[in-house]
Amino acid sequence: MVTYKFNRESRLLTPGHFQRVFSKPTRYGSHHFTLLITPSDKNSSDAPNNRLGLAIAKKRVKLAVQRNRIKRLVRESFRLNQHNLPDIDIVVMVKSGIDQLDNNEINQQLEKIWRKINQRHKK
RNA sequence: CGAGUUGACUAGACAAUCGCUGCUUUAUCGUUGUGCCUUAGGGUAAACAGAUAAAGGGGAGGAAAGUCCGGGCUCCAAUGAGCAGGGUGCCAGGUAACGCCUGGGCGGCGUAAGCCGACGACAAGUGCAGCAGAGAGAAGACCGCCGAUGGCCGCUUUGCGGAACAGGUAAGGCUGAAAGGGUGCGGUAAGAGCGCACCGGAUUACUGGUAACAGUAAUUGCAGGGUAAACUCCACCCGGAGCAAGACCAAAUAGGGUUUCAUGAUUAGUUUGACUAAUAUAAGCGUGGCUCGCGUGGAAACCGGGUAGGUUGCUUGAGCCUUAGAGCGAUUUAAGGCCUAGACGAAUGAUUGUCACUUUUCUUUGAAAAGAUACAAAACCCGGCUUAUGUGUCAGCUCACAUA
RNA sequence: GUCCUCAUAGUUUAACUGGAUAAAACUGCGGCCUCCUAAGCCGCUGCUCCAGGUUCGAGUCCUGGUGGGGACG
């Protein structure tokens, strides 16, 4: 079933959720992104599918406007590609210099990462 | 038409597709909580919360920023006052309040419109001023000037001349950021507010003004300058903390209190076992005692605190718009109309197209390419200040040039 | 979000109550010494975070900004 929705169930909400991902991650990266990935918790009832969390540090991106822009782009890209992904929890982190990129470049980088995740998982 | 100056407005527009988050309405689900009914079993969706879907409608700023001031609101402490500490500082007004704003005064800049100003007091007291310089605060003879007067020397001796001993002198030089009113004339041996004129100052009086202050007159030769973003004095203001304030609900695990039961301990009574009553929350082991260490403590009910988490505070307000009145103005009064973000790992977006805009290139119009805008995003709410910043429009005023 | 602190050579610290060339150690660079290196000796290296203001004079006082660090769930 193809869905483009993105509500509170597909986000990481509490520090506990984040800790679970940080404790045993698989890493993916590109020039400006680092992604941490853990398979979803099957026992927990409130994790029906893949979920996204964002960790955009103020140290890496100074201005609030730029931080918000990056968050929105990542969410948008996740929203449009989530039906291709397996059931995982994702935390997206960011490296310095990302605020220099424009929207198009960020989208391309993210799509490359989604494809890479999909390939590895099928193996 | 050019240059400038002040004030106000603006913060890309439209469409399509896919999303996020509140609100309203409708439909479906839903007895988990609350409510209602009850024959105490439960029932109730034409009860409210809650979930899902659809439709409608709303969704960042002029600075949302810095957190520099002032308030509302909440809690804490309170009988009030003072000290300490901090802040403000020409005058009047505005305001909930302010370090803000308006009007006025004074000073500075500018041809002008206009702009800028921590702008009380150093004659209440204490301090500070390196180096340089003669002298730095009731100042000072280094160079200089004079040497009238007194003394010295010479001569043509009731006088004249010389040197510069006593001494006089703040006009000039020198030092410095700063040297104790300024300019001119008189005066003198040389000078000096020593005298006079004007300017400046001080004191007193009067006039105008609510006041700051301004003006006029008279008197006074004139007076210890700078620094208070040095201590200080004077006048006025300030209790502390902040929505992570505060209020409510409250899981698991741990843990507090009370009661009951169970268990073992001690004592007493009855006594085959055991039971009853009282006491204590320990007993026990290392070790006989003290000390120290080790170690055990079941079940149920109720009460209270409270973590995770949730709800609330949370947006109707010193609110906005229009018109009229008061006021030079800030502002204020009245009437009518309007509701305009409430998120919480944190929404307000992405993509595409057309137009507008900017830049570049070619260029008669115009065409093409690129950019998709600057500064920057709410986090309880207001009033200000400061800082950052794109383009354009409107209005007032000033100066210069040209024409009439 | 709220509150609090700090900023001086490349690094770690000084600099009195505002007073004149901002000091010291280590490091770096150059030179001397040595066959070479080390050690030793000599010399060099500063917009006192930035911009204004007060003052005769500011690292120091005042105002505004920039950057770093910390506390509070």
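Applying a 10 Å radius around every beta-carbon, put A:77-87, A:95-105 in order of their mean neighbour count, most first. Working shown, then result.
Numbers: A:77-87: 16.0, A:95-105: 12.7.
The most tightly packed comes first, giving A:77-87, A:95-105.
Between A:Asp102 and A:His121, full extension at 0.36 nm per residue minus the direct alpha carbon distance yields a gain of 3.9 nm.
With the simple model of a label 7 Å out from the Cα in the direction of the Cβ, A:Lys62 to A:His83 spans 4.2 nm.
If one takes the longest principal axis of the Cα atoms in chain A, at what angle in degrees, from 0 to 90 and to the nearest 10, does the Cα axis of helix A:103-122 lie? Helix A:103-122 and the main axis of chain A meet at about 30 degrees. Considering only beta bridges that DSSP places wholly inside chain A, some 65 percent are antiparallel.
Both radii are taken from the alpha-carbon atoms of chain A; with Rh as the Kirkwood radius, Rg/Rh is 0.94.
For the residues A:Val94, A:Val65, A:Val21, a GNM of chain A with alpha-carbon springs under 10 Å puts the largest fluctuation on A:Val65. Between the residues A:Gln66, A:Leu80, A:Gln119, the greatest Cα displacement towards the positive end of the dipole of chain A, with unit charges on the Cβ of Lys, Arg, Asp and Glu, is found for A:Gln66. A cut-off of 5 Å between modelled amide H atoms, ignoring neighbours fewer than 5 places along the same chain, links A:Arg51 with A:Ile88, A:Asp89, A:Ile90.
Coordinate-derived values only; no laboratory data. All of these numbers come straight from a predicted model, not from anything done at the bench. Positions of Cβ are backbone-derived with ideal geometry, glycine not excepted, and every protein chain shown enters the neighbour counts.
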